[in-house]
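Okay, structure first, notes after.
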Amino acid sequence: MFESHSSESPPTLDPVASARWTAWPHAASPWLNEEIGRRMEDRLQWIRLQPTSWVDWAPVSGGLQTHAKLRARYPQAQCYVIEPTSEREGLARQALQTPWWKRWLKSNTMSFGAPAAGRADMLWANMALHNSADPQALLQKWHQLLAVDGFLMFSCLGPDTLRELQDVYQSQGWSPACHAFTDMHDWGDMLVQAGFAEPVMDMERITLTYATPESLLAEFRALGRNLHRDRSAGMRGKQWLAQLKSALLLLAKPQQDGRLSLTVEVIYGHALKPLPRLKVQQHSSVSLQDMRTLLGQSPIGRSV
């Protein structure tokens with residue numbers, strides 16, 4: 001079991017809608033998530049630590065192709081796949097099924113479910129954090145899974161995401177198009193609060209273009225949902241859909257041959273799990289694995 005301390009939910013995110021989307025049985029990993037995962041995987045070339053065990057957090061949404069790239073990068077490392085629901089785990093099992101000959105040779109280095117606390121050298125979480133109703137608790141879960149000196153690699157959406165669409169909705173007097181996304185500096189503060197050290201945050205903006213409103217809407221049905229607390233409460237009809245398509249034409253950019261243009265801000269984060277510091281308090285707790293690490297690196301735990 002994880003130790004978690006619930007924090008206040010992001011102010012504009014609906015936790016019920018968040019849970020539903022997190023459990024959504026994707027037919028395939030969204031292409032944008034795969035592309036962001038590819039870019040994040042390329043950054044691993046600068047990481048000197050070669051993990052012997054690592055966690056892939058929700059790869060059905062985060063990217064099944066990205067998962068394969070990570071397995072190829074660390075072929076001897078034990079991988080643990082964690083999905084939020086049993087249905088999503090079933091999809092992951094089907095997509096990531098190990099060939100029979102590897103199972104026969106007992107060379108399977110992948111399992112489903114969480115490792116023991118403090119055992120993973122790397123935790124990989126692509127495009128998950130911005131949809132969490134309690135991101136601080138999620139960061140603490142990830143921290144607990146990592147070994148001392150293990151590292152977290154994650155990506156999420158930043159506050160400039162869909163800014164053009166937000167402007168269109170506001171100009172029409174509609175409810176917000178999406179919930180507010182957290183700034184990378186705030187993520188850095190939350191990482192430190194969760195017990196991580198040396199957080200390194202980076203950001204890039206990706207421009208998505210579409211030929212028609214129909215192609216834009218079709219793609220975004222696979223990429224996500226509106227999780228804002230104040231989104232429209234009921235079903236909207238064909239008349240509103242026609243208004244939406246007409247309003248989306250405002251996104252057309254002359255310099256891009258009249259294609260509809262949307263911005264996606266992507267935040268990349270990297271942080272280490274340091275040696276824990278014990279503070280004398282009325283109520284203090286530390287995991288068994290962290291305690292063993294502390295004792296192993298202090299005079300009390302050394303053999304004489």
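Structure summary
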| item | result |
| --- | --- |
| Any hit, segment 254-273, residues being within 30 Å of LEU44 (Cβ to Cβ) and part of a loop (DSSP other than H, G, I, E, B) | yes |
| Count - residues of segment 47-102 that are more than 18 Å from ASP121 (Cα to Cα), among the small types (Gly, Ala, Ser) and crowded, with 18+ Cβ neighbours inside 10 Å | 4 |
| ARG163, sole failed condition from (1) under 22 Å from GLU34 (Cβ atoms); (2) touching a Ser or Thr at 6+ places or on another chain (Cβ under 7 Å) | (1) |
| Candidate set: segment 225-275, residues that are in contact with a helix residue (DSSP H, G or I) (Cβ under 7 Å, 6 or more places away or on another chain) and among the small types (Gly, Ala, Ser); chosen: the one surrounded by the most Cβ atoms within 10 Å (Cβ to Cβ) | ALA271 |
| Residues satisfying the stated conditions in segment 174-200, i.e. buried (at least 18 other Cβ atoms within 10 Å of the Cβ) and of a type in the set (Ser, Thr, Tyr) | THR182 |
| Out of ASP189, ASP121, sole residue that is charged (D, E, K, R) and without any contact (Cβ under 8 Å) to a residue 12 or more places away in the chain | ASP189 |
| So SER171, is it in contact with a Leu (Cβ under 8 Å, 6 or more places away or on another chain), surrounded by fewer than 18 Cβ atoms within 10 Å (Cβ to Cβ) and in a helix (DSSP H, G or I) | yes |
| Matching option when the condition is at pLDDT 95 or above and either in a loop (DSSP other than H, G, I, E, B) or touching a helix residue (DSSP H, G or I) at 6+ places or on another chain (Cβ under 8 Å) (or both), among ASP186, ASP202 | ASP202 |
| Residue in segment 145-157 that is crowded, with 22+ Cβ neighbours inside 10 Å, under 23 Å from ARG48 (Cα atoms), in contact with a strand residue (DSSP E or B) (Cβ under 9 Å, 6 or more places away or on another chain) and hydroxyl-bearing (Ser, Thr, Tyr) present | yes |
| Residue check, GLY224 closer than 17 Å to LEU129 by Cβ, within 21 Å of the chain's Cα centre (by Cα) and at pLDDT 95 or above | no |
| Enumeration of residues in segment 63-84 that are within 21 Å of ARG119 (Cα to Cα) and either among the charged types (D, E, K, R) or in contact with a His (Cβ under 9 Å, 6 or more places away or on another chain) (or both) | ARG71, ARG73, CYS79, VAL81, GLU83 |
| Residues (over 22 Å from ASN33 (Cα atoms) and either modelled with pLDDT under 95 or not in a loop (DSSP other than H, G, I, E, B) (or both)) located in segment 111-135 | SER111, ALA120, ASP121 |
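The values are calculated or read from the model by the stated rules, or taken from the named source; none is laboratory data. None of these values were measured; they are calculated from a predicted model. For neighbour counting, all protein chains shown are included, and Cβ atoms are generated from backbone atoms with ideal geometry for every residue, glycine included.
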